[in-house]
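One structure below.
The values are calculated or read from the model by the stated rules, or taken from the named source; none is laboratory data. Just so it is clear, the structure is predicted and the values come from calculations on it, not from any experiment. With ideal geometry, Cβ positions are generated from the backbone for all residues, glycine too; neighbour counts draw on all protein chains shown. Areas reflect the complete protein model, heavy atoms only, side chains present, ligands, DNA and RNA absent. Shrake-Rupley method; radii C 1.70, N 1.55, O 1.52, S 1.80 Å.
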Amino acid sequence: MTIRIALIGLGKIAHDQHLPAIAADPNFTLVATASADGAVLGGVPGFDSLEALLASGIAVDAVAVCTPPQVRHRVAATALRHGLHVLLEKPPAASLTEAAALAALADDAKVTVFATWHSRCAAGVAEARAWLAERKITRGTITWREDVRVWHPGQQWIWQPGGLGVFDPGINALSIVTEILPGTLLLRDAELEVPSNRHAPIAARLTLETGCGAPIAADFDFRQTGPQSWDIEIETDAGTLRLARGGAELTLPDGTRPGEDREYPALYAQFARLIATGASDLDTAPFRLVADAFLRGRHLPTDPFEE
Ligand code: NAP
């Protein structure tokens, strides 16, 4: 029997990635949607809230929560309390305590909660992790610079408290480095540039440190026009590893391996495996580093941002 899934929050990522991934995965059948903006799909019952969907009596086993992060905990907690398995878009919540509360609720209800980090499923990441496990890491740089006007047009939530600003894409880089670098990555220092008319950073520079003391410098910026950068470079005693295009393209000293985009199909395959084995996966390591940057970083006012 397939897993009857409902999609909550029918915005950009739901259309770009979740709907095609669900349609292509024989483990899942899309049975309903719920979106606050009233968006619906042809051929699938649509509602304006999870509560309305639940009240309809449609049989659902699982939900994928693709809302902005500020409402993710309320939506996910309602689903878990109804005994539904829950897939969370990143970040898993708007605070670390909300994320921990979801893990506890899933445990109580004996259902699966899966905090997805789609960039960890990018084509080059698994091999990067295996290669680095054998090397001594000496330093690294993360360059994650994109044009917010191109990638997030009209998304006011990204600038509001809990929306993360430039950490919305930056957390993808942090999800990769917390996956490929051994040990616990520490945040030592941070500078956050916050537009005077907004509540979230437009740029951030972080100084991280690996468990062995190697420095990792991160540069996140939403003001990049022209070519966009989603690159990670790790220097080791055996040469330099490069991940480009958000982790899709891995270059090692012996050459480049270009990979295809399988991130969301891999996430749904993993969700089905977790449900089948009665397990959950709610890793907050990337989110903790963002929280640490907000806690330890200097907040520098900068020019107002207008769309
Ligand atoms: P979006 O385009 O703004 O879509 C979010 C949708 O959720 C909107 O339709 C919104 O309706 C709806 N919504 C808000 N509150 C809701 C609620 N309580 N119940 C049901 N629906 C609700 O945002 P997005 O770009 O898809 O991003 C959503 C999440 O995915 C974010 O956490 C983001 O970090 C993550 N993500 C996005 C991308 C990307 O490329 N865009 C990539 C990876 C991950 P209203 O507009 O009426 O509020």
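Data overview
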read-out	value
Failed condition for T116, given (1) within 11 Å of the ligand (Cβ to nearest atom); (2) open to solvent by 50 Å² or more (accessible area, probe 1.4 Å)	(2)
So D168, is it in contact with a Ser or Thr (Cβ under 7 Å, 6 or more places away or on another chain), open to solvent by less than 30 Å² (accessible area, probe 1.4 Å) and in the same structural domain as A204 (by TED's automatic domain parsing)	no
Residues of the stretch 82-95 satisfying the condition of being away from the ligand (no atom under 15 Å from the Cβ) and not in a loop (DSSP other than H, G, I, E, B)	H85
Close pairs from the stretch 69-84: first closer than 11 Å to L50 by Cβ and of a type in the set (V, I, T), partner open to solvent by 60 Å² or more (accessible area, probe 1.4 Å) and part of a loop (DSSP other than H, G, I, E, B), Cβ under 9 Å, at least 6 apart	V71/A36
Residue count, the stretch 189-211 (criterion: in contact (Cβ under 8 Å) with a residue 40 or more places away in the chain and in contact with a Pro (Cβ under 8 Å, 6 or more places away or on another chain))	12
Total residues in the stretch 1-45, condition in contact with a Gly (Cβ under 8 Å, 6 or more places away or on another chain) and either more than 8 Å from the ligand (Cβ to nearest atom) or assigned to a helix (DSSP H, G or I) (or both)	3
Conditions (1) within 16 Å of the ligand (Cβ to nearest atom); (2) touching a residue at least 40 places away in the same chain (Cβ under 8 Å): number failed by R135	(1)
Hits in the stretch 221-268 - residues which are of a type in the set (A, V, I, L, M, F, W, C) and surrounded by fewer than 16 Cβ atoms within 10 Å (Cβ to Cβ)	A238
Test: residue in the stretch 142-149 that is in the same structural domain as I232 (by TED's automatic domain parsing), in contact with a helix residue (DSSP H, G or I) (Cβ under 7 Å, 6 or more places away or on another chain), within 14 Å of P182 (Cα to Cα) and open to solvent by 10 Å² or more (accessible area, probe 1.4 Å)	no
Any hit, the stretch 15-33, residues being touching an Asp or Glu at 6+ places or on another chain (Cβ under 9 Å), within 30 Å of L174 (Cα to Cα) and of a type in the set (V, I, T)	no
When residues of the stretch 53-78 are limited to those that are surrounded by fewer than 21 Cβ atoms within 10 Å (Cβ to Cβ), in a helix (DSSP H, G or I) and more than 10 Å from the ligand (Cβ to nearest atom), the one nearest to the chain's Cα centre (by Cα)	A77
Close pairs (7 angstrom Cβ cut-off, 6 or more residues apart or separate chains): acidic (D, E) in the stretch 248-276, open to solvent by 40 Å² or more (accessible area, probe 1.4 Å) anywhere	E249/T256; E249/P258; E260/A123; E263/C121
All positions within the stretch 154-164 that are modelled with pLDDT of 95 or more, more than 17 Å from E98 (Cα to Cα) and either within 7 Å of the ligand (Cβ to nearest atom) or open to solvent by 20 Å² or more (accessible area, probe 1.4 Å) (or both)	Q155, Q156, W157, Q160
Flag if A103 is touching a residue at least 60 places away in the same chain (Cβ under 8 Å), within 21 Å of G162 (Cα to Cα) and either assigned to a strand (DSSP E or B) or within 16 Å of the ligand (Cβ to nearest atom) (or both)	no
